[in-house]
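Let me begin by presenting the structure, written as C-alpha cells, before commenting on it.
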Amino acid sequence: SLAAAVVGTAYSASLAAVGGSGTGYSWTVSSGSLPSGLSLTASGSISGTPSTAGTFDFTAQVTDSASHTATADLSIAVASASTSGPLASYTLTGDTSPVHDPSIIRAGSTYYVFSTDQGAQSGHIPIRCSTDKISWTACGYVFSSLPSWVATAVPNATTIWAPDISYFNGMYHVYYAVSTFGSQVSAIGLATNTTLDETSPNYQWVDQGIILQSTTGD
C-alpha cells in the first residue's frame, strides 16, 4: 500500500522500477482506479487532491523502452477530511454503541476496535471494523462463550472487560480482564490470532488461559 491520503489535501507519491531494458520507463494504471482527483503520470508520479474517502485498489503497470512490462498491485486509503480535525467536527456512523474501554489497532487498511462486553450479545469481546475510523461495522467476537477456565477461577463472572490488543512476534494478542463487582477474585487472560481478517482461512482466536490472577486478600 502507498501512503494514506486525506480528502481535500494535496497528495503525492512516486513509483519506481529497477532492471528492465533500454533507457526509461512508462507507467500506467492497467486495472482498478486511483482515488478521484489523483492521476498517475508516465514518469510514475501520483499527485492531485483526492475528493472521495475510501480504499482504492489498482494495478500499476510499468513498461521499459524495450516494451517489457511488469505490474504491481497497490492501494491508497483516503480518509475523510474531518478525521484530521477535532473529534467534535465529525460524526461516527454504523455500529458504534455501546463501546466501553476500547482498544484499537490497524491491520493493513482496516482499523479494529475491541471493547468490553455490553448487555445482551452473542459472544464476548466485540470487534468493530472501519477503513476510515468514521463508519464502523460489527466484525464478530473474540469468543462465542466464556473460556472454560473462568467458571473455576472467577466464579459467577459473566462478562469480559477492558480488552487490550497488540501485535508482536507475528501474532495478535488480546489481553482481557474477568472479575465480579466488589470481589478481589479476578484474572487476566490472553487470546491470540495470526490474523484479524475474518475471511482468512487462518482466522481463529485461541485462548491461552490465565496470565495473571488475584484472590481474596491480594
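Every number in this text was worked out from the coordinates using simple rules, so none of it is lab data. A quick note: this is a predicted structure, and the numbers were derived from the prediction, not measured. Please note: Cβ atoms are built from the backbone with ideal geometry, for glycine as well, and neighbour counts cover all protein chains shown.
Net charge near P126, counting Lys/Arg +1 and Asp/Glu -1 over other residues with Cβ under 14 Å of its Cβ? Before the final figure, lay out each step's value.
On the way: positive: R128; negative: D95, D101, D117, E198.
Residues close to P126 contribute a combined charge of -3.
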Original post:
For the charge dipole of the chain, defined by +1 on Lys and Arg C-beta atoms and -1 on Asp and Glu C-beta atoms about the Cα centroid, which residue among A17, Q184, I104 has the Cα displaced farthest towards the positive pole?
Top reply: A17
Subject >> Radius of gyration, Dmax [the range 5-83; alpha carbons; angstrom] >> reply: 13.6, 46
Original post:
Quick one: length gained pulling A107 to D95 fully straight, 0.36 nm per residue minus the C-alpha distance?
Top reply: 2.4 nm
Original post:
Separation between the S166 and D57 pseudo-spin-labels, each 7 Å from Cα along Cα→Cβ, expressed in nm?
Top reply: 3.2 nm
Original post:
What full-extension length gain, to one decimal in nm, is calculated for T199 and S65 as 0.36 nm per residue of separation minus the Cα-Cα distance?
Top reply: 44.2 nm
